[in-house]
1. Lys/Arg Cβ at +1, Asp/Glu Cβ at -1, dipole of segment 2-197 taken about the Cα centre: which of T98, G47, W195 is farthest positive-ward?
2. Taking square-rooted eigenvalues a ≥ b ≥ c of the alpha carbon gyration tensor, is segment 67-189 rounded, prolate or oblate, where a/c under 1.5 means rounded and, failing that, a/b exceeding b/c means prolate?
3. If you plug each phi of segment 68-78 into the Karplus form 6.51 cos²θ - 1.76 cosθ + 1.60 with θ = phi - 60°, what whole-Hz ³J(HN,Hα) values come out, in order, with x for Gly and Pro?
4. What residues have an amide H closer than 5 Å to that of D85, excluding those fewer than 5 places away on the same chain, when H is modeled at 1.01 Å from N in the peptide plane?
5. Along the charge dipole of segment 2-197, pointing to its positive end and built from +1/-1 on Cβ of Lys, Arg, Asp and Glu, which listed residue (I161, L59, Y126) has its Cα farthest out?
6. With bins 5 Å wide starting at 0, give me the P(r) of segment 1-110 over every alpha carbon pair, in whole percents.
Amino acid sequence: MLVTLEGLDGSGKTTVREALRNRFPDATYTREPTETWYGEAVRRSIGADDADPLAELFLYTADHAAHLTETIRPALNRGELVISDRYSDSRYAYQGVTLAGEVTRPIEYIRGIHEAFTRPPDLTLYLDLDPNTAADRAGATNKFERVDYLAKVQDNYERLIDAEPGRFTRIDATQSPEEVIARAETAIEQHLETWQKSRRLRPDVSRECSNAPYDGNSQFEYFAATYNRVSDSRIRQRLPKYQPLPGEWDTLTEYRSGAQPDPTAGRTPGRHSGNHCVSGSSYSSGGGT
Ligand code: TYD
């Protein structure tokens, strides 16, 4: 399961991440910008007041691509909990501001670039802090830490939350560190519980398909198997080209409400041929450990 920490500079993400190590010692902890040479290139750009905004976006995005390949996907494939201090939403929120005037609809533009290869988070903890306090706490050490800039970044985060309220948990970052940490722990625990239940429900499908590309129809089975924990908008976001068969969404909706046991039971794999997620007995067995 992938959990990301997001928020303005100075919102306390790093404190939370460090505290979570005690509660979830087996998780993989990581961050963006990464500690690799890609991340190093990003940091050079952060330090350059005259950096080209589009070039900067692609540096961050290159760092994200390598992060996915080298850290995120391998850890998820091992079945680990992964906690990342900043992730793709930082790009949507921050570069969504620096690219205003450079490209039309910057957030949508950046999302479009990511959609082809990224792995969206399962849960995002948003540490909510007003821009004045954020700039004060961060000490305005880089070009991103100024109040007017952070106010726009905050607006972008709000837009992202509005678009996917189910993925975000908002945490008031003006509370004491103990309260913020407790809230973060509870949110992760609750989400983990649901996630583990869904893995028990369809263990093979979850494992097999976690590595498959999100390429439209072929991913349907994976989402059908985990539908009780994801929202329609999430499915539609990951499957932009998916054309449901007549009645398919209804079946899934009933499944989520508990009225139907399993939308993939007895399904004919033929329509999705070529995708290992639907082959063999992996999804027809159900049950699990
Ligand atoms: P941050 O994690 O806050 O670094 P540090 O712990 O060193 O303060 O990230 C550094 C800055 O980079 C921060 O101001 C936010 C910005 N940033 C982006 O603009 N876009 C991104 O995609 C990421 C990951 C960070």
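Here, each number is a calculation from the coordinates, and none is a lab measurement. Values in this document were obtained by computation on a predicted structure and should not be read as measured data. Glycine also receives a Cβ, built like all others from the backbone with ideal geometry; neighbour counts cover every protein chain displayed.
1. Highest projection toward the positive end goes to W195.
2. Numbers: a/c = 1.79, a/b = 1.08, b/c = 1.66.
Taking the square roots of the gyration eigenvalues as a ≥ b ≥ c, segment 67-189 is oblate.
3. Listing the rounded values in order: 4, 5, 8, 10, 5, 5, x, 5, 5, 5, 7 Hz.
4. Those lying under 5 Å, H to H, from D85 are L5, T30, R31, E32.
5. Final value for the positive-end residue is L59.
6. Reading upward from the zero bin: 2, 12, 20, 22, 21, 13, 7, 3, 1.
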